[in-house]
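Chemist: First, the structure itself, so that you have it in front of you.
Read-outs throughout are calculated quantities, based only on the coordinates presented, and are distinct from any laboratory measurement. Computed from a predicted structure; not experimentally measured. For neighbour counting, all protein chains shown are included, and Cβ atoms are generated from backbone atoms with ideal geometry for every residue, glycine included.
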Amino acid sequence: MPLSANEYRFGLGKREASLLAVLAEGHKAVFSVEDAKSIAGSDAGEVVRRLVRKKWVLALKRGLYAVVPLDVGVRAADAFVVHNFVIASLLVKPYYIGYWSALNHHGLTEQIPRTTFLATTKAKHSIEILNAEYRFVTLTARKFFGWEEVQVEGRPITLSDPEKTIADCLDHPEHCGGVEQVARALYFAHQETQVAKVVAYARRMGNGAILKRLGFILEATGLLPRYEQALARFVPSLGFPSLDPLSPKRGRHNMRWRLLVNYELDPEGWRY
């Protein structure tokens, strides 16, 4: 049933107003049904349902809600959205936002992914909230490091730092749109990136394919002479992992880096 003009974001009952007030005092712009129960008691579900109907609260997914700010206006409540990173921070613990999402946040790619990528140590299926996908990449404890805290909409968000973002994308190029995205990031931002730190992260992660891809990309982009010292002690292991996991597994074998080059990089074309 559509709301009447008198009902739309008005008509707050005492328990509804109390819940919103306590949430505001606790700076909980996004809250769970458990948060609501701790404030409103056993009938919290009904209180929240009334708030959702009156547009004071936005349902993000089952059991997760956002308080619609007063300053968005009455009708603007219908179009109110919460930043994907804020939602992501509430979906799993532990976590950090990484891969393509972090690549974009750090200004290392102009591509804006529709999917928000989260690294976690727990297995969890992808979910969709408000027409946006949240994909969870399960990492071993050995790879789960290298994050920093940033502020998004006044909330602390855990995000991989620039060098860990690149190392993660070299580990799993399929989570950043393919190897070209991370290759472009290295090419255009190498002066602002600590390549030696990327190498150190890669060694700590224990996947030789990261350094194989890194060495190949540095050579293909003409940057290897500048950073060759960082890779001086690297001896490629046996086996030929694909340069780009998103491309068909056919191509040429590069013996120096022991890679199956199944995607051709074109740095000259990136300038135009």
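Chemist: Normalising by the residue count of segment 127-272, find the relative contact order in percent from Cα pairs under 8 Å and 6+ residues apart.
Modeler: RCO, segment 127-272: 18 percent.
Chemist: Still on this structure: So which trypsin sites (Lys or Arg not before Pro) in segment 110-200 are both in a DSSP loop and have at most 12 other Cβ atoms within 10 Å of their Cβ?
Modeler: Answer by residue number: R114, K122, R142.
Chemist: Then there's this: About the Cα centre, and with charges only on the beta carbon of Lys, Arg (+1) and Asp, Glu (-1), how big is the dipole of the chain? Nearest 20 debye, please.
Modeler: 720 debye
Chemist: While we're looking at this one, here's another question. Out of segment 223-256, which trypsin sites (Lys or Arg not before Pro) are coil in DSSP terms and have no more than 12 other C-beta atoms within 10 Å?
Modeler: Sparse-neighbourhood loop trypsin sites (Lys or Arg not before Pro): R233, K249, R250, R256.
Chemist: Applying 1/(1 + (r/R0)^6) with R0 = 30 Å to the Cβ-Cβ distance of K122 and R233, what FRET efficiency is obtained, to the nearest 0.05?
Modeler: The formula returns an efficiency of 0.30 here.
Chemist: In whole Å, what is the distance between the alpha-carbon centres of segment 129-174 and segment 243-260?
Modeler: If we compute the Cα centre of each part, the gap is 26 Å.
Chemist: Compute the FRET efficiency between R252 and E110 as 1/(1 + (r/R0)^6), taking r as their Cβ-Cβ distance and R0 = 51 Å, and round to the nearest 0.05.
Modeler: Taking R0 as 51 Å, the efficiency between R252 and E110 is 0.95.
Chemist: Can you tell me the dipole magnitude for segment 159-202 around its Cα centre, using point charges on the Cβ only (Lys, Arg +1; Asp, Glu -1), in Debye to the nearest 20?
Modeler: 100 debye
Chemist: Sticking with this one: About its Cα centre, how strong a charge dipole does segment 14-82 have in debye, to the nearest 20, once Lys and Arg get +1 and Asp and Glu get -1 at the Cβ?
Modeler: The calculated dipole for segment 14-82 is roughly 260 debye.
Chemist: Can you give the local net charge around L130? Use residues other than it whose beta-carbon is closer than 12 angstrom to its beta-carbon, Lys and Arg +1, Asp and Glu -1.
Modeler: Around L130, the surrounding residues sum to 0.
Chemist: Separate question: What's the lysine pair count for the chain at a Cα cut-off below 12 Å, pairs eight or more apart or interchain?
Modeler: 4
Chemist: If we sort 81-87, 43-49, 166-172, 264-270 on the protection proxy, mean other Cβ atoms within 10 Å, highest first, what's the order?
Modeler: Ranking, from highest mean packing down: 166-172, 81-87, 43-49, 264-270.
Chemist: With mean projected area of the Cα convex hull in nm² as the read-out, I listed (1) 13.5; (2) 16.7; (3) 17.6; which label goes with the value calculated from this structure?
Modeler: Label of the calculated value: (3).
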